[in-house]
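Asks: Below are the structure tokens for one structure; questions will follow.
The values are calculated or read from the model by the stated rules, or taken from the named source; none is laboratory data. All figures in this text were calculated on a predicted structure; none of them were measured in a lab. Heads up, the Cβs are rebuilt from the backbone with ideal geometry, glycines too, and the neighbour counts pull from every protein chain shown. Keep in mind that these areas ignore ligands, DNA and RNA; they rest on the heavy atoms of the full protein, side chains included. Shrake-Rupley method; radii C 1.70, N 1.55, O 1.52, S 1.80 Å.
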Amino acid sequence: GGQCSMVPIWNFDEFYITMLTNSPLDIFKQFYSTCLVIFSVVIVTALMFTENTKVAADAHPVVALVTMWLGILWMSMVEGGQCSMVGLPPIDRELYKESHKITYQITSLGHRGDNLDRY
């Protein structure tokens, strides 16, 4: 049979370095923000399953829940892409031309002319 190799999903060294370089105020703000997001999701989910939202009342609470999570995932992808488009212009594109070919193609188009300003 084939060999199985473990690929680390999380780099704990970078996590601990990040945690050590953040100020206590930054850590508190991140914790507080995470708690607010969790609270909001719980409240909205509870409203869906008691059919207090239009989609849950007209269709089914599961449809509303799936729609909400698809929207959250879609928005996270859009925000991640936006951060990349704004954050990558100072980086020489030749550095990631071979390793990240799709990113190279996207940034070549997105950073041409005034495309980024119009975005």
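Asks: Does Ser99 qualify as being of a type in the set (Ser, Thr, Tyr) and surrounded by fewer than 12 Cβ atoms within 10 Å (Cβ to Cβ)?
Replies: The answer is yes for Ser99.
Asks: For the range 75-84, check the following and say yes or no: at least one residue is within 30 Å of Val44 (Cβ to Cβ), open to solvent by less than 70 Å² (accessible area, probe 1.4 Å), without any contact (Cβ under 8 Å) to a residue 60 or more places away in the chain and hydrophobic (A, V, I, L, M, F, W, C).
Replies: yes
Asks: Name the residues in the range 21-54 that are more than 23 Å from the chain's Cα centre (by Cα), farther than 15 Å from Ile72 by Cβ and assigned to a helix (DSSP H, G or I), would you?
Replies: Within the range 21-54, Pro24, Ala46, Leu47, Phe49, Lys54 qualify.
Asks: Give me the pairs, please: first residue somewhere in the range 37-66 and open to solvent by 60 Å² or more (accessible area, probe 1.4 Å), second residue anywhere and among the hydroxyl-bearing types (Ser, Thr, Tyr), beta-carbon distance under 9 Å, and either six or more positions apart or on two chains.
Replies: From the range 37-66, the pairs are Leu47/Thr53; Val55/Thr67; Ala59/Thr67.
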